[in-house]
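The structure under discussion appears below in the form of structure tokens.
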Amino acid sequence: MIQERIAALRSLMAERQIDAYMIPTSDFHESEYVGDYFKCRKFITGFTGSAGTAIITQTEARLWTDGRYFVQAAKQLEGSGVLLMKSGQEGVPTEEEYLAEVMPQNGTLGFDGRVVNSQLGEKLEELLEDKHVKFSWKEDLVDLIWEDRPALSAEPVWILKENYAGKSAADKIADLREAMKKEKTTVHVLTTLDDIVWLLNIRGNDVVCNPVVLSYALVTMERFYLFINEAVLDSEVKSYLKELGVTVRPYNDIYDAVSQLKGQKVLLETAKTNYAIISNLDESNAVVDRMNPTAPAKAVKNPVEIENMKKAHIKDGVAMVKFICWLKKNIGKQTITELDAEHYLDNLRAEQEGNLGLSFHTISAYGANAAMCHYSATPESNAALEPKGLYLVDSGGQYYEGTTDVTRTISLGETTEAEREHFTLSVISMLRLAAVKFLYGCRGLTLDYVAREPLWSRGLNFDHGTGHGVGYLLNVHERPNGIRWRMVPERQDNCVLEEGMVTSDEPGVYIEGSHGVRTENLIVCKKAEKNEYGQFMEFEFLTFVPIDLEALDKSLMNERDVELLNSYHSAVYEKISPYLTAEEAEWLKENTRAV
């Protein structure tokens, strides 16, 4: 079937004299996760992972993806004729390097200009300039061969009340216009979905686990145009938007609207704005390429949002404690698989008041499966949990009061010395990072060593960031704050840490073929004392879920590590126990005892 689809695509390419066709994993808005309508790369290659780019020529079909998906991609591409390109591995060219090599002189590169960001488009223009390569970007060729393509999502839009949002949309729009003035711009084109819904205090359900709405915004000093499928707006939302001064226009009219702009200074972010939008801008306009002002504003949670997020994490902690208690009491007594555990936890979250679903697909991983840090249990891989070894669960929920994300590694019985060592190191690392005090002006890059030192000192490491920003009833991965040991410019997550920013704290250890451990809490940045040295900052825990004492090797911990753990567990019991049954509370008391 995949070979037939590729053959059909090549036929269209030949008709249009296109030498190579590029299919990224993207929607029209540069979203991290995309709806079913946008899964063209999956359709053409059969690879289902969340990241990757396919390039099809008349003689080759190649798929690039990262280390999270090498094993999965190799299995899914088998027999398809699609060659796996392991991004970042020695000797493997990037997509751009490959195109520079295979594109012929005066050739044509094809792609749907709505799913390729302008920054990449401009990079390809420069790279292929000497070969005089033309771009064919106005047509989605995959759409022409995808007969049963899912429809664009059209879920209802709803208003997030101010008692949850903490600030009115009118005030947020006013702040945006002030930011536009500072950049000396007259128009702002905004295409990122989480920024748009945050700005307008609305939410939807157009991307799984991300309560966003398919839309574009065009903002001037006097007018606000929202490009959206009007069918998703009921009378209440229409009235609300009208009061805000928002003019609603059809979703696809954004391209015509930007083409009508003349002589404007247009604020936009090329890495987040698609190539088709930029290409439709008249040359009389000047583009000011900056991070969308809404991104840093959204990352700094206001006091109402922070208090709400604390409430959300109590609810989430209750669900997690009930889950761990159930698992510990039933392991070895009944058959429990990874999917059984996942569904049990997902249902516990759904029962919590104000829960609106998951913030991402639950990672339920036993034994060696946990060594794949983005593992997803399937009917084919679904391992049965045994009364030995370690089980890792990474999960989160969306609540009216905010977004949660927590990882716990759980001992199911007898564990090895290496398992206990790695588990304990992840706990030490998480607690030490959360307890750090630092001067204002530090970035995550400055702090990451605190978390990695316990591991690096033993020649261990983990190949992912230590922390990512988290949205408020929005995307579980949110820029521009993050914690990592080296710069990754495309991640855009190395800003100065501000009071109110929520970040994950999630060190781990992954031993291929054996086990994986990760301990993750969310932390909120806040001000500590201010003195002659400047303003000091610190973190406060949002997550309150017990850490498994049965997997702990106390001999690896110093006195302060023990104090930090005992203090944390005291808070867990105090905050969570009132919402449990007597039996569950007794279990929690025992499992948060001082060590």
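We did not get these values from a lab; they are worked out from the coordinates using the rules stated. As the structure is a prediction and not an experimental result, all values here were calculated from the model. Don't worry about glycine lacking a Cβ; one is built from the backbone with ideal geometry, like all the others, and counts go over all protein chains shown.
A few notes on this one:
- Loop trypsin sites (Lys or Arg not before Pro), segment 116-196 (other Cβ atoms within 10 Å of the site Cβ: 16 or fewer; DSSP): Lys138, Lys161, Lys167, Lys184
- Whole-angstrom gap from segment 300-354 to segment 368-412, using each part's C-alpha centre: 12 Å
- Principal-axis tilt of helix 582-591 within the chain, Cα atoms, nearest 10 degrees: 90 degrees
- Taking a sphere under 14 Å around the Cβ of Gly67 and counting the other residues whose Cβ falls inside, with K and R at +1 and D and E at -1, yields a net charge of -2.
- Ranking Ala231, Tyr573, Ser168 by how far each Cα lies toward the positive end of the dipole of the chain (charges on Cβ) leaves Ser168 at the top.
- Computed [θ] at 222 nm, helices only, for the chain once each DSSP H run of length n ≥ 4 contributes -39500 (n - 2.57): -10500 deg cm²/dmol
- The angle between the Cα long axis of helix 559-576 and the main principal axis of the chain comes to about 80°, on a 0 to 90 degree scale.
- Loop-located chymotrypsin sites (Phe, Trp or Tyr not before Pro) in segment 523-595 whose Cβ has at most 15 other Cβ within 10 Å (DSSP): Tyr533
- When the Cα gyration tensor is reduced to axis lengths a ≥ b ≥ c, the ratio a/c is 1.5 or higher for segment 509-588, and with a/b not above b/c it is classed as oblate.
- Between Asp253 and Glu96, the contour length at 0.36 nm per residue exceeds the Cα-Cα span by 53.4 nm.
- Between segment 460-522 and segment 107-126, the C-alpha centres lie 30 angstrom from each other.
- Two-site FRET efficiency, Ala14 against Tyr579, from Cβ-Cβ distance with R₀ of 51 Å, rounded to 0.05: 0.20
- Relative to the Cα centre, the charge distribution of the chain, modelled as +1 at Lys and Arg Cβ and -1 at Asp and Glu Cβ, gives a dipole magnitude of about 840 debye.
- Computed lengthening from Ser50 to Thr378, 0.36 nm per intervening residue step minus Cα-Cα distance: 116.6 nm
- Cα gyration tensor shape of segment 158-298, rounded if a/c is under 1.5, else prolate or oblate by comparing a/b with b/c: prolate
- Contact order relative to length of segment 158-298, as percent, for alpha carbon pairs under 8 angstrom and 6 or more apart: 24 percent
- Length-normalised contact order for segment 300-591 - Cα pairs under 8 Å, 6+ apart - percent: 21 percent
- Taking the DSSP bridge list for the chain and keeping only pairs wholly inside it, about 75 percent are antiparallel.
- C-alpha center-to-center spacing [segment 168-192, segment 533-594] in angstrom: 42 Å
- Near-label residues of segment 475-490 by backbone N, under 18 Å of a point 7 Å along Cα→Cβ of Thr446: 480-488
- The relative contact order of segment 333-484 comes to 19 percent, based on Cα pairs under 8 Å that sit 6 or more residues apart.
- Shape class for segment 2-145, computed from the alpha carbon gyration tensor (a ≥ b ≥ c): rounded, with a/c under 1.5.
- Kirkwood hydrodynamic radius of the chain, Cα pairs, Å: 25.6 Å
- Degrees between helix 118-127 axis and first principal axis of the chain (Cα, 0 to 90, nearest 10): 60 degrees
- In segment 1-107, the trypsin sites (Lys or Arg not before Pro) that fall in loop regions by DSSP, at most 14 other Cβ within 10 Å: Arg16
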